[in-house]
Structure formats: structure tokens, C-alpha cells
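K.L.:
This is the structure, below, for whatever I ask next.
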């Protein structure tokens, strides 16, 4: 296993675990970290698509991914609406493309990308329209965190490579087998239940400008 695969797999696993089980309490910090990973993936994937190079196969891809990752992380940390759109859209896109991969379609194909975008937009709108209630944060962080945990595990055990992240973190899990899909669902439920039972007395406060105290 390449060192970059081990390092990225471990980081994804740790961030996923935090997102899944304590995502609501530390949402502002975790969404910034999540935003960095999403931006990094976006930048590196863009380089790969534009120039036909391997995912993270060049220094330029790493640098562009890092820069975009930092920008999105900062925006997600300081701006409420960017954070909630990022949460809904990233989870939605991963679910959409992952489901297409699960039924045998190419996750980078036109149909899969369109489905991923549609699901991303729908989840982003839902989380905005409901003004980020506690329930939705817990639900989406549990789903996204569970997918990240399994992705990290699969990378660490050499079942997938970092290039598999190019089409969304859920794709690798769903493509591997139905066993991993069931494991994803079970982890998501466990994460949601854990957050729900431990966060009853805690209410997320973002800032006075953007009230988030919605139960």
C-alpha cells in the first residue's frame, strides 16, 4: 500500500467517525474539515478530467486540490448557508452517484453525474428550507460519516485505491458489495441514534446573524 493511500484512508476514517457520532456537537469545525476534503476532491478531479491524468497523479493536481480545499473549508466555517449547502450537496451527490454505481452504471457517466447533482440539490434545498434543524444535521452527518468510515476502512485494507474517491465517497462502498451497503446503513443508524441520545440538551449556535436554534 502506498503511503498516500494509508494516510488519506486513515484521515477519512477518523473524520468520518467524528462526523458520524458527534457531528452535531462539533458541526462547525467538522464541516470545515469536510469542506476541505470535498474541495480537495473537486480540484484534483477537475485536473484529472481536463488533462486526462490520473487522480492525484501529478503535483499540480495535489496543489490545486489543496488550494480549493482550503478555500471551501474557510467558507464553510465562516458562512452558515455555505456550510449547510455543502453538507446536503456532498452527501446527496455521493448517494446519487453511489446508487447508480450499485446498479451497474458508470459513476463518472452522464446519467450518474446528473442523478448525483439532482440528489445533491434536493438535499441542499431540504436542509435550507428547514433552517438546519437538529434532526437533519444528525441525519446527514450520520449518513456521510458512515460512508466515510467505510471508505477509510476499504482504503486501509487495500480494497479500493485513492482514485476511487474521484466520484464520491459513497461510490466505493456501494460498488464493493451489498454487504458494504448494509454496513453503511447500519453505521448510519448507529451514528444517528448515538447523536440523538447524547445531544438532547445541546443546541447548536452558529452566530447571531444566522439563527440555528431549531429543534
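The values are calculated or read from the model by the stated rules, or taken from the named source; none is laboratory data. Everything numeric here is computed off the predicted structure, so don't read it as measured data. Reconstructed Cβ throughout: ideal geometry from the backbone, glycine too, with neighbour counts over all protein chains shown.
K.L.:
Tell me whether the stretch 171-179 contains one or more residues that are under 18 Å from residue 116 (Cβ atoms), at pLDDT below 70 and in a loop (DSSP other than H, G, I, E, B).
P.N.:
no
K.L.:
Ok, one more. Please find, within the stretch 100-118, the residue that is modelled with the lowest pLDDT out of those that are within 18 Å of residue 178 (Cβ to Cβ) and out of contact with any helix residue (DSSP H, G or I) (no Cβ under 8 Å at 6 or more places or on another chain).
P.N.:
Going through the qualifying residues, I end up with 104.
K.L.:
Which of the residues that make up the stretch 1-33 are out of contact with any helix residue (DSSP H, G or I) (no Cβ under 9 Å at 6 or more places or on another chain) and at pLDDT below 85?
P.N.:
3
K.L.:
Go through (1) under 16 Å from the mean Cα position of the chain (by Cα); (2) at pLDDT 70 or above; (3) crowded, with 19+ Cβ neighbours inside 10 Å for residue 185 and report which single condition fails.
P.N.:
Going through the list (1) under 16 Å from the mean Cα position of the chain (by Cα); (2) at pLDDT 70 or above; (3) crowded, with 19+ Cβ neighbours inside 10 Å, residue 185 breaks only (3).
K.L.:
Which residues, counting only those in the stretch 60-89, are surrounded by 15 or more Cβ atoms within 10 Å (Cβ to Cβ) and more than 15 Å from the chain's Cα centre (by Cα)?
P.N.:
61, 62, 64, 65, 66, 68, 70, 74, 75, 77, 79, 80
K.L.:
Would it be correct to say that residue 163 is at pLDDT below 70, more than 22 Å from residue 85 (Cα to Cα) and surrounded by 19 or more Cβ atoms within 10 Å (Cβ to Cβ)?
P.N.:
Taking the combined requirement at face value, the residue does not satisfy it.
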